[in-house]
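Since the structure comes first, as structure tokens, the remarks are kept for the end.
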Amino acid sequence: MIQMENVTKQYANGVTAIKDVNLEIQDGEFVYVIGPSGAGKSTLVKMLYHELMPTSGTIKIDSFDFSTMKPAEVPFLRRHIGIVFQDFKLLPRLTVYENVAYAMQVIEAPDAEIKDRVLEVLGLVGLEQKLRRFPDELSGGEQQRVSVARAIVNKPKVLIADEPTGNLDPQTSDEIVDILERINANSTTVIMATHNKDIVNERQHRLLEIAGGRLVRDEEGGTYGNEE
Amino acid sequence: MKSKVFFRHVKDSLRSLRRNGWMSVAAVSAVTVTLLLVGIFMALIFNLHHISQQVENDVQVRVYIDKKTTVKQRDELKNKLKKLDHVNKVTYRSRQQELDTIIGGYGSQWRMFSGDQNPLSDVYMVKTTSPKATITVSKEAQKLDHVVDASYGGRTAKKLFNSVDLAQKWGLGFTILLLFVAVFLINNTIRITILSRSDEIRIMRLVGATNSYIRWPFLLEGAWTGLFGAILPIIVVDVGYAVVYHSFSMANGASGYSLYANMPFLFWLDLMLAGIGIVIGALGSVISMRRFLKF
């Protein structure tokens, strides 16, 4: 379970990106975080994987309490959650196979297990034919699939996707969200920050709307209105 | 760390070195140039020290014996010289041997002084336990009977001692300076390659790699860069030194001065070059990436 209590994030330049947000996300939920550019979506999501720390308030993800967590525990939190980025963040000098395997190597998994699991997830995202390609030899959609495969290879309980379709065409975006929904069907919690109206409206899930740094809507099956 | 994980790091570091292409070539080249300079100067400085020690040890006291001295008196003088403090060895050289040396060094025209015309004295060559003891030993020897004069080269020897002292101090200073320059240059090159890969380090952290897991391949990659960068300098210094050693031996064989023999000198020099490359490469990597590993 994910809990945020009275979470506020103020940057060093004085801008308050998130103001007093309270929310709870249960295991196995699929949640959209929506809002206009600059609303604070990314700040909220980045706090969940400890890229940013709240100025005040508490965040808990399962047994990880951010307020008491030591820096050395951060890698273990990040192994507990999978992260998909808008710009994919693949290691440029590693092949598709190696990029996905890297996430398992850091948890010191045995080679045989790595091989089986990496091939399995690459099959799941439809990239089993491109194992030896490097990221710059792939299309944006394919790179995002690798990013998704890497995020789920360790079977995380939570998957955080920060604008995963931001750089993709509508058809590829659909395919990526398809994959995320399939992952969610296997009881992984999925939190997806997006401003893609079509996806949010067509594939309805719980919706958290951020505006001016505040949580202004928390609605099950909500749709994008005419907010922007 | 498990050995399996360590070997994975070794494999990853070599793969990364290969895939970084020109960046790796640039880093290895920078190490090569630096270590080449270090290798040449080290060989030069060590041998300067070696030769200066030989020159220093060659300084002896010449005790000139009165021409009227009998053989028995001469033997007594030898015993007295041997009993002086700091005296190591006393060798007799006849006036004819002295003349032969002059003829050998300055030419046959000196032959006209052979036989009764020889103006030189018989001498005792006194070797002291330390070069600087020649001054006191020569003073003591002058006080003995049947000694016309005793010299240790006087101002020349003092100058030599000062020059040797100075050369050794400068040599040491220059070596330290050169090592600092090597550390600075290699470290800077490695730092630039790490800076260009700061995004990679960030991604590794985001997928849950611990700092030590990220650090190891970079540390090993730095060490490989240092080691590969040392190969060419080792070859050049080894081949160059063998040529110089041969030429020096041919030219200075008669003088008795020599450079360090190829082995084990080159073995230690090579080991030092490889060691400097590896240590500075590895440390440079770890130090450069420190700032990217803070939470």
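The values are calculated or read from the model by the stated rules, or taken from the named source; none is laboratory data. Source: prediction; values computed, not measured. Methodologically, a virtual Cβ is constructed for each residue, glycine included, from the backbone with ideal geometry; neighbour enumeration extends over all protein chains shown. Note: accessible area is taken over every heavy atom of the protein model, side chains too, but ligands, DNA and RNA are not part of it. Shrake-Rupley method; radii C 1.70, N 1.55, O 1.52, S 1.80 Å.
Stokes-Einstein, applied to the Kirkwood radius of the protein assembly as shown over Cα pairs at a viscosity of 0.890 mPa s and 25 °C, places its translational diffusion at 83 µm² s⁻¹. Our summary gives chain B a relative contact order of 30 percent, counting only alpha carbon pairs under 8 angstrom and 6 or more residues apart. Binning the C-alpha pair distances of chain A at 10 Å intervals from 0 yields a P(r) profile of 8, 33, 36, 19, 3, 0 %, listed from the shortest bin outward.
Straight-line cross-link partners of B:LYS132 among the lysines, defined as a Cα under 28 Å from its Cα and at least 8 positions apart when in the same chain: B:LYS78, B:LYS80, B:LYS82, B:LYS83, B:LYS89, B:LYS143, B:LYS158, B:LYS159, B:LYS169. Checking every one of the trypsin sites (Lys or Arg not before Pro) in segment B:30-101 against DSSP loop status and a limit of 13 other Cβ atoms within 10 Å picks out B:LYS67, B:LYS68.
For segment B:195-293, evaluate the Debye formula with one uniform point scatterer on each Cα (no solvent term) and list log10 I(q)/I(0) at q = 0.22 Å⁻¹, rounded to two decimals. Log10 of I(q)/I(0), two decimals: -1.02.
Please compute, for peptide A:108-116, the average count of beta-carbon atoms on other protein chains lying within 10 Å of each residue's beta-carbon. Show your work: numbers first, answer last.
Values: counts 7, 0, 1, 2, 0, 0, 0, 0, 0.
Mean shielding count: 1.
The accessible area of B:VAL10, taken with all protein chains in place and a 1.4 Å probe, comes to roughly 30 Å². For A:LYS115, the lysines whose Cα comes closer than 25 Å to its Cα, not counting residues fewer than 8 places off in the same chain, are A:LYS89, A:LYS130, A:LYS155, A:LYS157, B:LYS2, B:LYS4, B:LYS11.
Here the sum of -39500 (n - 2.57) over DSSP H runs of 4 or more residues, divided by the residues of the protein assembly as shown, equals -18500 deg cm²/dmol at 222 nm, to the nearest 500.
Take the accessible area of chain A alone and of chain B alone, subtract that of the pair, and you get about 2400 Å² summed over both chains, using a 1.4 Å probe. Near A:LEU138: Cβ cut-off under 9 Å, other residues only, Lys/Arg at +1 and Asp/Glu at -1. The net charge is 0. With a 10 Å cut-off around each Cβ of A:18-24, the average count of Cβ atoms from other chains is 0. For segment A:104-190, the alpha carbon convex hull comes to 101 Å³ per residue, rounded to a whole number. The per residue volume of the convex hull around the alpha-carbon atoms of segment B:1-122 is 229 Å³. Centre-to-centre separation between the Cα atoms of segment B:26-83 and those of segment B:216-295: 27 Å.
Taking only the C-alpha atoms of chain B, Rg followed by Dmax gives 30.1, 98 Å. Across all Cα atoms of segment B:121-179, the radius of gyration (one decimal) and Dmax (whole number) stand at 16.3, 55 Å.
Between the C-alpha center of segment A:99-143 and that of segment A:8-46 there is a gap of 30 Å.
Annotation: amide H of A:PHE30 within the under-5 Å range of A:VAL190, A:ARG206, sequence separation 5 or more or interchain, hydrogens built in the peptide plane. Tally Lys/Arg at +1 and Asp/Glu at -1 over every other residue whose Cβ is under 13 Å from the Cβ of B:LEU219; what's the total? Cβ neighbours under 13 Å give a net charge of 0. Exposure check, 1.4 Å probe, all protein chains in place: A:HIS205 carries approximately 40 Å² of accessible surface.
Evaluated on segment B:60-152, the Kirkwood hydrodynamic radius is 13.7 Å, with distances taken between all distinct Cα atoms. Within the listed set B:ALA223, B:ALA167, B:ALA251, the residue fluctuating most in the Gaussian network model of chain B (springs between alpha-carbon atoms under 10 angstrom) is B:ALA251.
Around A:ARG182, under 14 Å between beta carbons, what's the net of Lys plus Arg minus Asp minus Glu among the other residues? Intermediate values should be presented prior to the final figure.
Values: positive: A:ARG145, A:LYS155, A:ARG203; negative: A:GLU120, A:ASP174, A:GLU175, A:ASP178, A:GLU181.
Spelling it out: positives minus negatives among the neighbours equals -2.
Take the solvent-accessible surface of the protein heavy atoms, probe 1.4 Å, and return the percent of it on segment A:2-220 that carbon and sulfur atoms account for. Of the solvent-accessible surface of segment A:2-220, carbon and sulfur hold 45 percent. Loop-located trypsin sites (Lys or Arg not before Pro) across segment B:127-233 with a Cβ neighbour count of 10 or fewer within 10 Å are B:LYS143, with loop assigned by DSSP.
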